[in-house]
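A.B. asks: Please read through the structure below; I'll follow up with questions.
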Protein chains: 2
Amino acid sequence: MDIVLLGSGNVATHLGHALRGAQHRIVQVYSPTETHAKTLADQLAAEVVTDVSSVTADAAVYLIAIKDEAIEEVASRLPEGLPGIVAHTAGSVDQAILASYVARYGVIYPVQTFSKAKEVDFSSVPLAIEASDKRTYEELARLAGTLSTRVFACGSIQRLALHVAAVFACNFTNHLYAIGADILKAQGLDFELIRPLILETAEKAMKHQPKDVQTGPAIRNDQRTIQKHLAFLATNTDREALYALVSRLISG
Amino acid sequence: MDIVLLGSGNVATHLGHALRGAQHRIVQVYSPTETHAKTLADQLAAEVVTDVSSVTADAAVYLIAIKDEAIEEVASRLPEGLPGIVAHTAGSVDQAILASYVARYGVIYPVQTFSKAKEVDFSSVPLAIEASDKRTYEELARLAGTLSTRVFACGSIQRLALHVAAVFACNFTNHLYAIGADILKAQGLDFELIRPLILETAEKAMKHQPKDVQTGPAIRNDQRTIQKHLAFLATNTDREALYALVSRLISG
């Protein structure tokens, strides 16, 4: 398929490479910042576009992979009457915000975290699909199916739930790692010491339901240890409050 | 070495197997519950003991791997004047609680989570060592070195920090996975959908400092998405509070 990629950040970059790897043609890459557009466009052998209104009208799909709050504005500046499909890639944005600007629209939401630091095997990334109508759904699902083996229909509320769940299980989890690293650093200890534990915890969740394999002082309701830990954290009231809240949620 | 294992739970079980694998002899396994002691003792070809005061006086090391609040009581009931080393395996218990009951004592704290559900490669488990005196330290470190390549000296406060860091990065992380699973389940979605994300997040922490690879709405200070997520969580005030607190810690 001929695809226009609107965006040049982490999601756009990983998606662009996956699409090209699946033999699609990225005809244009749009970014308001020319150097950003050019970096990605060069990698994908695509044309650079810095003005949304000048994108080609001939593409089959226009993928908007930019920050949530800019999606509607970019959609509003697309050429009128595009015959192709316009889809965004966001977890928490209703597809209906595209409805005023194009006839056929939808969402391809990749349930994964992308960063410049690390390559991702796109073929195992779950792709949540929603669309304005059945035919559009089928075309988006077919496109998604060339990238990943895990394509599924997902309404806007389900997608929001998926995004919230991902924030807890990924973004917040990473912050807990950061808190751990910080606590160790203050005692002259290396983050490396808890890396095996972090990996083991994640690997356990690959085969079990997390609630079935919960360990630690809170699930044993070991109040003596919990109190020692709270006393240790007492100089940082936010961390102390976080420790108390999560322990209560676990033991409750 | 000849070792007496006091305890029959997850840590005692994993430790017992690792010791036996390293050619040590587990002479006795103690548990107040005979069936528990027998299960592990049979696996380790050891004798069953259900009364602490009747353990052999000839072992080189007595490892107390039981819940924190029972450690001192078990130590207090050991035969008087043992020539061997008594060591516990807890993260948050000062080694000094053993001082009244035995001349040579210490700690071997494995920085890992153990569950019956999953085997662990003990050779990469960091083992934090503390002891009553230099000679005892050296003997415990030598014993630990037969189990793992990652043995290090660690004072009681450092060990407490390590345990607190582990609670955040492992126990609390697992609870965040459980919250994610629960949110998905309520929308008819499978936990499987966020498993790749969970693994990716942990793998990223293997090579980077977590604070350098933080992603998500909070680090972008994307208030619109944060507000949508808080509204989605509004029927569960604890989760809403947790979401707000962690988002503030990330963006702050």
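A.B. asks: Over the range A:4-77, calculate the relative contact order: mean separation of alpha carbon pairs under 8 Å at least 6 apart, over the residue count, as a percent.
C.D. replies: 37 percent.
A.B. asks: Considering only protein heavy atoms and a 1.4 Å probe, what is the carbon-and-sulfur percentage of the accessible area of the protein assembly as shown?
C.D. replies: Carbon plus sulfur share of accessible area: 49 percent.
A.B. asks: Can you list the copy-to-copy distances for A:Thr33, using a point 7 angstrom from Cα toward Cβ, in nanometres, shortest first?
C.D. replies: 5.9
A.B. asks: What shape does the range B:4-78 have by the C-alpha gyration tensor, where a ≥ b ≥ c are the square roots of the eigenvalues, rounded means a/c under 1.5, and otherwise prolate means a/b greater than b/c and oblate the rest?
C.D. replies: rounded
A.B. asks: When the solvent-accessible surface of protein heavy atoms is calculated with a 1.4 angstrom probe, in what order do A:Arg220, A:Arg104, A:Arg150 fall, highest first?
C.D. replies: Listed by decreasing accessible area, they come as A:Arg220, A:Arg150, A:Arg104.
A.B. asks: Along the range B:135-151, what does the Karplus equation 6.51 cos²θ - 1.76 cosθ + 1.60 (θ = phi - 60°) give for ³J(HN,Hα), rounded to whole Hz, x for Gly and Pro?
C.D. replies: Taking θ as phi minus 60°, the curve returns 5, 5, 4, 4, 5, 5, 5, 5, 4, 4, x, 7, 9, 9, 8, 10, 10 Hz for the range B:135-151.
A.B. asks: In addition: To the nearest 10 square angstrom, how much accessible area does B:Glu69 have with a 1.4 angstrom probe?
C.D. replies: The value for B:Glu69 is about 80 Å².
A.B. asks: While we're looking at this one, here's another question. Put a point 7 Å out from Cα along the line to Cβ at A:Pro83; what are the distances to that point in the other copies, in nm, shortest first?
C.D. replies: Label-point separations across copies, in nm and ascending: 9.4.
A.B. asks: Using the Cα gyration tensor of the range A:137-177, with a ≥ b ≥ c the square roots of its eigenvalues, what is the shape: rounded (a/c below 1.5), prolate (a/b larger than b/c) or oblate (neither)?
C.D. replies: It comes out oblate by the Cα gyration axes.
A.B. asks: Take the alpha carbon gyration tensor of the range A:1-144, find the square roots of its eigenvalues, order them as a ≥ b ≥ c, and report rounded if a/c is under 1.5; if not, report prolate when a/b exceeds b/c, else oblate.
C.D. replies: Taking the square roots of the gyration eigenvalues as a ≥ b ≥ c, the range A:1-144 is rounded.
A.B. asks: Among the aspartates and glutamates, select those whose C-alpha is under 14 Å from the C-alpha of A:Lys207, and discard any that sit fewer than 8 residues away in the same chain.
C.D. replies: Partners found: B:Glu119, B:Asp190, B:Glu192.
A.B. asks: Before I look further, what does the protein assembly as shown give for accessible area per residue, probe 1.4 Å, in whole square angstrom?
C.D. replies: With the other protein chains kept in place, the protein assembly as shown gives 40 Å² per residue.
A.B. asks: Sticking with this one: Which value, in Å² rounded to 10, gives the accessible area of B:Tyr101 with a 1.4 Å probe and all protein chains present?
C.D. replies: My reading of the accessible area for B:Tyr101 is about 70 Å².
A.B. asks: Mind computing the radius of gyration and Dmax over the alpha-carbon atoms of the range B:60-103? Å is fine for both.
C.D. replies: Answer for the range B:60-103, Rg first and Dmax second: 9.5, 26 Å.
A.B. asks: Counting partner chain Cβ atoms within 10 Å of every residue's Cβ in B:156-162, what's the average?
C.D. replies: 5
A.B. asks: Nearest 500 deg cm²/dmol is fine: what mean residue ellipticity at 222 nm does chain B get from its DSSP H runs of n ≥ 4 alone, each adding -39,500 (n - 2.57), divided by its residue count?
C.D. replies: Mean residue ellipticity at 222 nm (helix-derived): -12500 deg cm²/dmol.
A.B. asks: How much accessible area does B:Ser251 have with a 1.4 Å probe, in Å² rounded to the nearest 10?
C.D. replies: B:Ser251 has an accessible surface of roughly 60 Å² with all protein chains in place.
A.B. asks: Could you work out the mean projected area of the convex hull around the alpha carbons of the protein assembly as shown, in square nanometres to one decimal?
C.D. replies: For the Cα atoms of the protein assembly as shown, the hull's average projected area reads 24.6 nm².
A.B. asks: Which distances in nm, rounded to one decimal and ordered from shortest, link the label point of B:Asp121 to the equivalent label points in the other identical copies, with labels set 7 Å from Cα toward Cβ?
C.D. replies: 1.7
A.B. asks: Measuring from the lowest to the highest alpha carbon on each principal axis, how far does the range A:156-252 reach, largest first, in angstroms?
C.D. replies: Principal extents (Cα only, largest first): 43, 30, 25 Å.
A.B. asks: Once you keep just the Cα pairs under 8 angstrom separated by 6 or more residues, what percentage relative contact order results for the range A:41-146?
C.D. replies: Across the range A:41-146, relative contact order equals 20 percent.
A.B. asks: How much accessible area is lost when chains B and A come together, counting both sides, with a 1.4 Å probe, in Å² rounded to the nearest 100?
C.D. replies: Approximately 8800 Å², summed over both chains.
A.B. asks: For chain B, modelled as a Gaussian network with Cα springs under 10 Å, which listed residue fluctuates most, B:Val213, B:Val29, B:Val86?
C.D. replies: Among B:Val213, B:Val29, B:Val86, the largest mean-square fluctuation in the Gaussian network model of chain B belongs to B:Val213.
A.B. asks: Okay, next question. Take every Cα pair under 8 Å in chain A that's 6+ residues apart, average their separations, divide by the length, and report that relative contact order as a whole percent.
C.D. replies: 11
A.B. asks: Over the whole of B:26-32, what's the average partner chain Cβ count within 10 Å per residue? Rounded to a whole number, please.
C.D. replies: 0
A.B. asks: Now a separate question. Over the Cα atoms, compute the radius of gyration (one decimal) and Dmax (the largest Cα-Cα distance, rounded to a whole number) for chain A, in Å.
C.D. replies: In Å, with Rg to one decimal and Dmax whole: 22.0, 67.
The values are calculated or read from the model by the stated rules, or taken from the named source; none is laboratory data. Values in this document were obtained by computation on a predicted structure and should not be read as measured data. Cβ coordinates were reconstructed from backbone atoms using ideal geometry, including for glycine residues, and neighbour counts include every protein chain displayed. Heavy atoms of the whole protein, side chains included, go into the accessibility calculation; ligands, DNA and RNA do not. Shrake-Rupley method; radii C 1.70, N 1.55, O 1.52, S 1.80 Å.
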